[in-house]
Amino acid sequence: MELNVRDLSVSLGGASIVNKISLQVQEKKFVGLLGPNGCGKSTLLKSIYKVIKPDEGQVHLSGTDLLKSSPKAVSQLMGVVGQFNDLSFDFTVREMVMMGRTPHKKLLDADNAADFRIVDEAIRKVGLEAYSSRSYLSLSGGEKQRVILARALAQQPQFLVLDEPTNHLDVKYQLQILNIVRSLNIGVLAALHDLSLAAKYCDYLYLIKKGKVAARGEPKEVLTRERIADVFEVECEIYDIPVTGGLGIAYLASK
Amino acid sequence: MTDIQAQPLRPSYERALVTSRYGFLLVQLVLLAIAIFSIGVAISIGQVHIPLGDSFRILVYKLSGIEIGDIPALLQGQGANIIWNIRFPRVLLALLIGAGLSLCGTIMQAAVQNPLADPYILGVSSGATLGATFAIMIGFGSIGFLSQMGVAFGAFAGAFGAAMMVMVLAGLGGKMSSVKLVLSGMVINALCTAFANFIIYLANNTEGIRTVTFWTMGSLAAAKWDKLPLVAIVMGLAVLFFLLQSRILNTMLMGDEAAVTLGINLSAYRRLYLLLTAIVTGVLVASCGMIGFVGLIIPHLIRGLVGSDHRRLLPTSIWIGGIFLVWTDLLARVLIPKVELPIGIITALIGGPLFMYMLIKKGYSFGGK
């Protein structure tokens with residue numbers, strides 16, 4: 001599945017948040033959205049997964065026009081791990097993950113053996129087998145996030161949208177979540193806040209500043225000293241990490 | 001991933017009996033049996049005590065025409081009349097009202113995503129009180145059928161009108177969020193209460209004030225056969241409809257944004273559910289006045305027992321709500337000899353401590369953390 005976003009503009013309460021952004025996620029690529037708080041990353045993602053109506057622009061997932069399709073049709077193709085996953089009422093982990101089957105269910109369909117298999121598989125993938133009958137609200141932030149990821153996996157999506165999926169998580173779980181996502185081998189569009197993680201996991205990056213694409217390309221092309229100073233307003237040095245050969249970022253001080 | 005370092009800290013929340021399909025079916029059958037038993041007991045006890053066997057035989061005869069033992073002799077006594085014309089319709093109404101309040105409470109809590117919600121939250125209570133007060137104090141005069149229906153019509157119109165105003169108010173200026181709904185409900189509540197008090201103050205009618213006070217405490221004493229069909233039909237349709245909505249209700253609890261990503265656009269459903277619960281609650285209030293606590297506490301109680309999944313929660317709380325009200329109505333009739341207590345007093349007296357127990361008990365957090 002290929003995601004194509006063309007000239008997408010979103011304004012909230014009269015203020016323009018996203019300004020004619022175009023981006024593309026090619027087949028099975030992991031694409032990262034980077035940018036400071038308030039640059040419009042989340043708003044952009046929300047209008048892709050239909051929570052916010054954009055003013056103009058087009059969003060296509062392979063042959064499907066997402067903006068013109070029903071939420072149900074979209075949810076059968078695309079899974080979303082959002083930022084806010086607090087509940088007012090409690091469910092068990094398994095019940096939460098089972099909700100991921102909703103897009104594939106008619107009103108009166110019961111959960112069948114195949115659903116349980118898919119749900120168990122999703123729970124196994126995020127490593128929460130021992131937790132499946134635990135209450136969701138009793139879990140830690142990282143565990144909750146993994147449950148939400150499992151719910152998205154139970155949708156059996158062909159494309160995944162992640163909005164800062166590793167927020168508030170320990171390093172271990174940040175790596176774990178991104179590892180799971182990458183192992184799915186499907187197209188992913190993720191807003192990320194950690195530049196080194198983005199450099200490590202993403203095939204391609206879009207750097208967003210004030211609702212516009214400031215730079216795009218492979219991590220090494222995009223994450224330069226000058227760009228980071230411009231977009232994030234911090235001084236840093238970029239270096240090759242000797243052990244892994246990855247991209248290292250050392251922050252110096254704010255401007 | 002092989003890094004599950006710890007076993008669950010808290011006891012497992014597995015509920016085998018209610019999560020397996022047959023176990024759940026069994027629970028429903030047991031609840032049906034309890035409901036029938038409760039009806040039997042409730043129609044036998046009262047100012048005039050009638051043996052359980054006799055009342056059972058009278059019911060069976062009246063319902064199916066099958067004669068068990070000496071039916072003619074039984075029908076001669078005053079028992080048959082009391083059971084068939086007074087107690088049975090009353091007990092059935094209690095069952096329907098309890099089931100309805102508990103259904104509407106469950107739906108409201110999901111629709112506004114707030115564990116404090118009850119059927120009366122959208123201004124229904126004070127709207128109904130205002131309507132009833134108007135009917136009692138001023139009356140609809142000679143407007144044909146309205147003067148016949150009187151208080152019931154006033155209560156329904158008030159309840160429904162208030163709920164509609166709350167929904168319009170919450171929908172103004174963009175999205176109808178659950179916070180806006182709850183706050184709009186409070187505002188309309190305050191306004192309706194003010195108007196009702198204004199009428200009471202100006203009318204200066206002691207008898208009327210007494211009637212209004214009794215009305216706000218709820219009573220099933222006025223139950224008659226001819227009142228039942230409307231409540232039964234409305235309830236039957238509502239139960240049928242909402243039982244089919246369980247999946248959507250579940251995603252509703254995930255929050256608006258997550259629900260969209262699961263393929264369900266909540267705002268349309270929320271509007272529909274609120275409209276329907278407003279109608280159902282209006283009908284309930286019109287037939288028995290205000291009965292507090294049932295719609296708040298039964299859904300929480302049942303959530304603690306079977307979890308938040310509406311496929312189990314809804315049917316179970318409908319049964320328990322009905323059974324609960326049958327027993328509280330019985331208490332209202334027999335607790336003090338020769339005195340009929342308003343049922344709202346009993347539901348609060350039982351519901352309050354029950355709620356306290358749930359607050360203190362571990363393992364159920366009312367949705368909070």
TODO: Check B:Tyr269 against each of (1) of a type in the set (Phe, Trp, Tyr); (2) within 14 Å of another protein chain (Cβ to nearest Cβ); (3) touching a Gly at 6+ places or on another chain (Cβ under 9 Å) and name the one condition it does not meet.
DONE: (3)
- [ ] Output the residues belonging to the range A:101-143 that are facing chain B (nearest Cβ under 10 Å), surrounded by 18 or more Cβ atoms within 10 Å (Cβ to Cβ) and among the hydrophobic types (A, V, I, L, M, F, W, C).
- [x] A:Val126, A:Leu128, A:Leu139
Task: One residue from B:Gly123, B:Gly98 being on the phi > 0 side of the Ramachandran plot and surrounded by 24 or more Cβ atoms within 10 Å (Cβ to Cβ) - done: B:Gly123
Open item on the list: A:Val188 - would you say it is over 18 Å from A:Cys39 (Cα atoms) and crowded, with 24+ Cβ neighbours inside 10 Å?
Closed with: yes
Open item on the list: Being within 24 Å of the chain's Cα centre (by Cα), within 29 Å of B:Leu253 (Cα to Cα) and touching a residue at least 12 places away in the same chain (Cβ under 8 Å) narrows it down to one residue among B:Leu96, B:Leu169, B:Leu130; which is it?
Closed with: B:Leu96
Task: Residues of the range A:184-216 classified as over 17 Å from A:Ile21 (Cα atoms) and in contact with a Lys or Arg (Cβ under 8 Å, 6 or more places away or on another chain), total - done: 7
Task: Number of positions in the range A:49-81 that are more than 9 Å from chain B (Cβ to nearest Cβ), assigned to a helix (DSSP H, G or I) and without any contact (Cβ under 8 Å) to a residue 12 or more places away in the chain - done: 1
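Listed here are the residues, each with its yes/no results for (1) more than 21 Å from the chain's Cα centre (by Cα); (2) under 30 Å from A:Ser88 (Cβ atoms); (3) at pLDDT below 90.
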| position | (1), (2), (3) |
| --- | --- |
| B:Ala190 | yes, yes, no |
| B:Thr193 | yes, yes, no |
| B:Asn205 | yes, no, yes |
| B:Gly208 | yes, no, yes |
| B:Gly218 | no, yes, yes |
| B:Ala222 | no, no, yes |
| B:Leu240 | no, yes, no |
| B:Leu244 | no, yes, no |
| B:Leu262 | yes, yes, no |
Open item on the list: Any residue in the range B:66-90 that is surrounded by fewer than 12 Cβ atoms within 10 Å (Cβ to Cβ) sitting within a Cβ distance under 7 Å of a residue that is part of a helix (DSSP H, G or I) and not hydroxyl-bearing (Ser, Thr, Tyr)? List the pairs, counting only those 6 or more apart or interchain.
Closed with: B:Ile66/B:Val60; B:Gly69/B:Arg57
Open item on the list: Can you tell me which residue is nearest to A:Ala150 (Cα to Cα) among those in the range A:184-193 that are modelled with pLDDT of 90 or more and not polar (S, T, N, Q)?
Closed with: A:Leu184
Task: helices (runs of 4 or more DSSP H) (entirely within the range B:70-128) containing at least 3 residues that are under 25 Å from B:Ala196 (Cα atoms) - done: B:88-111
TODO: Output the number of the condition that B:Phe24 fails; it satisfies all remaining conditions of (1) at pLDDT 80 or above; (2) within 14 Å of chain A (Cβ to nearest Cβ); (3) in a loop (DSSP other than H, G, I, E, B).
DONE: (3)
TODO: Search the range A:82-94 for residues being of a type outside the set (Gly, Ala, Ser) and free of Cβ contacts under 8 Å to residues at least 24 places away in the same chain, and hand back the single one that is surrounded by the most Cβ atoms within 10 Å (Cβ to Cβ).
DONE: A:Phe89
Task: Within the range A:175-255, helices (runs of 4 or more DSSP H) holding 1 or more residues that are out of contact with any helix residue (DSSP H, G or I) (no Cβ under 8 Å at 6 or more places or on another chain) and without any contact (Cβ under 8 Å) to a residue 24 or more places away in the chain - done: A:219-222, A:225-232
Open item on the list: Suppose we keep only residues that are in contact with a Lys or Arg (Cβ under 7 Å, 6 or more places away or on another chain) and not hydrophobic (A, V, I, L, M, F, W, C) within the range A:217-236. Which one would you say is surrounded by the fewest Cβ atoms within 10 Å (Cβ to Cβ)?
Closed with: A:Glu233
Task: Selected residue (only one of B:Thr277, B:Thr213 is crowded, with 19+ Cβ neighbours inside 10 Å, polar (S, T, N, Q) and either assigned to a helix (DSSP H, G or I) or modelled with pLDDT under 90 (or both)) - done: B:Thr277
Task: Complete set of residues in the range A:146-183 that are modelled with pLDDT of 90 or more and among the polar types (S, T, N, Q) - done: A:Gln155, A:Gln156, A:Gln158, A:Asn179, A:Ser183
Task: Checking A:Phe84 against (1) under 21 Å from the mean Cα position of the chain (by Cα); (2) among the aromatic types (Phe, Trp, Tyr); (3) more than 10 Å from every other protein chain (Cβ to nearest Cβ), the condition it does not meet - done: (3)
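The values are calculated or read from the model by the stated rules, or taken from the named source; none is laboratory data. Nothing here was measured: the structure is a model prediction, and the numbers come from that model. As a convention, Cβ positions derive from the backbone with ideal geometry for all residues, glycine included, and neighbour counts pool all protein chains shown.
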